[in-house]
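Okay, so here's the structure we're looking at.
The values are calculated or read from the model by the stated rules, or taken from the named source; none is laboratory data. In this text the structure is predicted, and so the values were computed from the model without any measurement. Positions of Cβ are generated from backbone atoms using ideal geometry, with glycine treated the same way; all protein chains shown enter the neighbour counts.
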Amino acid sequence: MSTIPRTATLGRWLASWVQTDGAIHGFHNHSVWGDNPFRHGDFTAGHSTFASPLLIGLGQAVKQQPDSRGTELLERLVRFQTSAFQVDGQFAHIGFQCGEMLKQSLIHNVVPCAALSAVAGLVDVGRVEIDRAVRGVLAVMDRLHGPGPSAHTCCNQEYCRLWARLLHMAAFDHREWHDSVAEGLDYMINHFHVRGHPDAECVGTFRSPRDTSSLEPAEYYGLMIHPLLLGWQRYGNPRYRDEALAIARHCARSSWVDRQGQLRAHRLWTKLTGEWRCHREPMLIGGFGLTLSGIHALLQVQPDDELAAFLAAMDATYAHYQHPAGFFLAATGWGSEQDIIPATAWQSHDFYHLVHRHGAGVAFWDTLFTPDPQVAVVCGQSMIWLEASPHWAVRGYHWADGLQLVGRKDRVRFGRDIPGWINSGREMPPEYLMPDEPKFLRDGDSIYHIGGRTDFATQSDVHLHNR
């Protein structure tokens, strides 16, 4: 089995959720906190600004392997992201796992600011529109959240705002925020960084200085490492490099080996009964890409054997948990839909990292633009994820009710597949139902395919049988 994940195949899966107008749809399951639009009663699976790192990965691939199809896709994505705003000037579609009900957020505004600015530094696509959009949204963030970090700041979110400013200054060659960003980096180090987890060479960060009983989850640390690294390169202050390196060590030394022998990112550190403990599960697999991309960028200028070995082991983890359709298993430990629903808003981060780390080969674009004809199936403990463009579903096993959600990649709304015998008048339109959808029955430790299409590809810890 390969120890290198298939980046172009992941890109193909992500592209299957991209709309003609450039919106990136997806069932935005948050496999760290455990919520998703269904659990919030929102029933939307439309665009999420948290998926914007997809643009960076595509920009890197276009730069490495110029291709008219890739350029058109990137232009479409940039055009959408630089034109979709709320009336108050924030980006639209910032809800992520909350769906469209969430209308205000720092992190979900500044992640696309960082992504767009990074694209502007890579390729000549939409530079005028990117400059205008990023400047406008950052001004709104200053008005809504204050001009910089404070005691009320959420650590990863404020670091991301600094990252966006650093990327924008580099892409557009100006010094407008030069002094304030340095002040912001110093403030974050002085008020949020804490050493000692798991040892004195490691630095974690409090999510808020008002709560010193837990540290940030592992998947957010790329939002700290990236701006610290860029800060070191811009200001020449070795303190920024040293803190970035110590954060990377915190992630590597807090990792663990799961039941399938794969190295995994830790969930977080929490103080319980007076002692600090490192928690492992439930925890995502797909979605760790921002932290890995930060460590990879750090290693390009600061070689380190320990961190290089960590990245190689995480490559193997991704390869092990990659579905034939291209996405990664979402998580383990939840025992419900959070383990099996792959979210584009998370796995776009992995795509960005993997293109950056492994590049785009000569067959990259042909693979990305060749549709997958099979049904993709993920068999969980009690539920199943199925998708075959344009349909997707979350089902229970035969005679065992699951969420029974059905949706289409080209529609924002999804819903529960209410049986017709109930005669509720709330049944989903027929075009939402996957034709000849595969059916499965679980019996103890065995899963049986009992009907429907046979051209499916599965990902399961349990042996699958044909009836």
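All told, Glu176 falls short of being touching a Gly at 6+ places or on another chain (Cβ under 9 Å), among the charged types (D, E, K, R) and in the same structural domain as Arg239 (by TED's automatic domain parsing). Scanning region 83-94 for residues that are in a strand (DSSP E or B) and surrounded by fewer than 20 Cβ atoms within 10 Å (Cβ to Cβ) gives a single hit, Phe85. Note on region 305-410: enclosed helices (runs of 4 or more DSSP H) holding 3 or more residues that are surrounded by fewer than 19 Cβ atoms within 10 Å (Cβ to Cβ) and touching a residue at least 40 places away in the same chain (Cβ under 8 Å) are 305-320.
Would you confirm, using the coordinates I've provided, whether Arg408 is under 25 Å from Gly335 (Cα atoms) and among the charged types (D, E, K, R)? Step through it out loud before you land on a result.
Details: under 25 Å from Gly335 (Cα atoms): yes; among the charged types (D, E, K, R): yes.
Yes, satisfied.
Would a scan of region 95-117 turn up a residue that is buried (at least 16 other Cβ atoms within 10 Å of the Cβ) and farther than 30 Å from Met283 by Cβ? No - not one qualifying residue is present in region 95-117.
Is it fair to say Glu100 is assigned to a helix (DSSP H, G or I), more than 27 Å from His174 (Cα to Cα) and within 20 Å of the chain's Cα centre (by Cα)? Taking the combined requirement at face value, the residue satisfies it.
Select, from Leu58, Leu54, Leu74, the only residue that is within 18 Å of Asp366 (Cα to Cα) and touching a strand residue (DSSP E or B) at 6+ places or on another chain (Cβ under 9 Å). Can you show your working first?
On the way: Leu58 fails: touching a strand residue (DSSP E or B) at 6+ places or on another chain (Cβ under 9 Å); Leu74 fails: touching a strand residue (DSSP E or B) at 6+ places or on another chain (Cβ under 9 Å).
On inspection, the qualifying residue turns out to be Leu54.
Based on this model, can you work out whether Leu223 counts as touching a Cys at 6+ places or on another chain (Cβ under 9 Å) and either touching a residue at least 40 places away in the same chain (Cβ under 8 Å) or under 23 Å from Met314 (Cα atoms) (or both)? Answer is yes for this residue.
Residues in region 17-67 that are out of contact with any helix residue (DSSP H, G or I) (no Cβ under 9 Å at 6 or more places or on another chain) and either of a type in the set (D, E, K, R) or surrounded by 22 or more Cβ atoms within 10 Å (Cβ to Cβ) (or both): 1 in all.
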